[in-house]
Amino acid sequence: MLNQSVLELKEISKKFGDRQVLTKISYQFYPQRMYGLVGPSGAGKSTILRILDLLENPTQGEIFYRGKPVGAGRSERLKMRRRIGMVFQQPVLFSGTVLDNIFYGLKVRGEKFAENKDKLEDILKLVGLEEMEKQKATTLSGGEAQRLALARVMVLEPEVLLLDEPTANLDPTNVNMIEKVLLEIRERYGTTIIIVTHNLFQAKRLVDEVLLIYDGRLVEAKPADEMFRSPEHPLSQSFIRGEIAF
Ligand SMILES: Nc1ncnc2c1ncn2[C@@H]1O[C@H](COP(=O)(O)OP(=O)(O)OP(=O)(O)O)[C@@H](O)[C@H]1O
Ligand SMILES: [Mg+2]
């Protein structure tokens with residue numbers, strides 16, 4: 001593990017109106033690690049992802065990117081956001097072919113198609129859509145669409161990949177494919193991956209570290225094997241036993 005974090009949350013709190021949604025969350029995320037955010041519905045997991053993605057401002061606290069505080073300025077935040085990719089539960093796709101969709105983000109950044117052919121081929125293979133590059137994105141199955149959403153983000157080579165329940169609506173075969181792709185991404189690109197999951201077994205299979213969020217607080221965070229073997233907090237113990245409805 002490199003000793004500098006990619007992203008750090010420091011005493012992050014968030015209020016929506018009078019409602020306290022997050023309370024003093026601090027954590028450091030490192031390269032080439034996969035983190036699982038778990039916790040019941042309404043705990044604040046998606047809000048944490050949106051804050052990490054710089055889509056949402058915290059009410060209090062600071063975010064550090066590679067040790068430097070991320071300022072409030074719009075242009076600075078935009079620049080930072082380019083290094084972060086986000087995949088949602090419902091994939092956001094455009095009309096056009098699979099390949100058009102993958103190239104889209106590069107095109108917006110002023111890149112030429114011809115100069116990116118190898119990269120596009122690599123990404124298509126990575127997500128197992130190489131046979132479908134000419135297919136209309138709107139005709140893909142749910143699992144294929146989600147793999148395309150992942151490809152669209154990965155072609156931009158983010159340093160941090162955020163995923164909000166990316167496999168929640170998928171069948172076991174596609175869940176398995178997405179999980180394999182995520183492991184491959186972590187190895188090949190050294191990406192920091194932060195995934196929200198309701199699935200205890202997915203957390204067990206996939207992530208290096210588990211962060212249990214409950215009522216807007218970070219209750220316990222530790223390497224996954226330790227979390228599953230010896231959870232300390234009573235809430236973590238109920239989570240491991242499957243007693244909290246996640
Ligand atoms: N824009 C908003 N305005 C007001 N309240 C909000 C807003 N966004 C989220 N909340 C509230 O913040 C709390 C945390 O929401 P969040 O979406 O982060 O939970 P979650 O852990 O992702 O839940 P789930 O597992 O159901 O997706 C919820 O009570 C939600 O209603
Ligand atoms: Mg959510």
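Bear in mind that the values in this text are calculations on the coordinates, not laboratory data. The shown structure was predicted, so the numbers you read here are calculated from the model rather than taken from an experiment. Virtual Cβ from ideal backbone geometry, glycine too; neighbours counted across all protein chains shown.
A few comments on the model shown:
- For region 214-228, the criterion of being under 17 Å from Y30 (Cβ atoms) and among the small types (G, A, S) is met by at least one residue.
- Selection status of M80, out of contact with any Pro (no Cβ under 7 Å at 6 or more places or on another chain), away from ligand 1 (no atom under 14 Å from the Cβ) and farther than 30 Å from D225 by Cα: yes
One line per residue, one yes/no per condition, for (1) touching a strand residue (DSSP E or B) at 6+ places or on another chain (Cβ under 7 Å); (2) under 16 Å from L52 (Cα atoms):
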{"position": "R186", "(1), (2)": "yes, no"}
{"position": "I193", "(1), (2)": "yes, yes"}
{"position": "H198", "(1), (2)": "no, no"}
{"position": "L206", "(1), (2)": "yes, no"}
{"position": "E209", "(1), (2)": "yes, no"}
{"position": "Y214", "(1), (2)": "no, no"}
{"position": "L218", "(1), (2)": "yes, yes"}
{"position": "A221", "(1), (2)": "yes, no"}
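- Highlighted here are the helices (runs of 4 or more DSSP H) found entirely within region 138-209 that include at least 2 residues which are within 16 Å of ligand 2 (Cβ to nearest atom) and of a type outside the set (F, W, Y): 200-206.
- Number of the condition not met by T173 [criteria: (1) hydroxyl-bearing (S, T, Y); (2) farther than 28 Å from M80 by Cβ; (3) touching a helix residue (DSSP H, G or I) at 6+ places or on another chain (Cβ under 6 Å)]: (3)
- Test set (1) over 20 Å from R82 (Cα atoms); (2) within 16 Å of ligand 1 (Cβ to nearest atom) - D164 fails condition number: (1)
- Whichever residue in region 124-137 is in contact (Cβ under 8 Å) with a residue 24 or more places away in the chain, surrounded by fewer than 22 Cβ atoms within 10 Å (Cβ to Cβ) and not in a loop (DSSP other than H, G, I, E, B) and, among such residues, is nearest to ligand 1 (Cβ to nearest atom): L126
Yes or no, residue by residue, for (1) within 16 Å of ligand 1 (Cβ to nearest atom); (2) within 25 Å of E184 (Cα to Cα); (3) of a type in the set (G, A, S):
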| position | (1), (2), (3) |
| --- | --- |
| G44 | yes, no, yes |
| L49 | yes, yes, no |
| L52 | yes, yes, no |
| I63 | no, no, no |
| V70 | no, no, no |
| E76 | no, no, no |
| V87 | yes, yes, no |
| V98 | no, yes, no |
| K117 | no, yes, no |
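- For region 210-246, the set of residues classified as in a helix (DSSP H, G or I), farther than 24 Å from N3 by Cβ and touching a residue at least 12 places away in the same chain (Cβ under 8 Å) consists of F228, L235, S236, F239, I240, listed by residue number.
- Pairs where the first residue, in region 76-100, is within 19 Å of L140 (Cβ to Cβ) and the second is among the acidic types (D, E), C-beta under 6 Å, 6+ apart: F88/D164; Q89/D164; Q89/E165; V98/E133; L99/E133
- Any pair with Cβ under 9 angstrom, 6 or more apart, that starts in region 14-41 at a residue that is on the phi > 0 side of the Ramachandran plot and among the basic types (K, R) and ends at one that is within 15 Å of ligand 1 (Cβ to nearest atom) and assigned to a strand (DSSP E or B): K24/I12; K24/S13; K24/R217; K24/L218
- Residues of region 1-22 satisfying the condition of being crowded, with 17+ Cβ neighbours inside 10 Å and within 12 Å of ligand 1 (Cβ to nearest atom): K14, V21, L22
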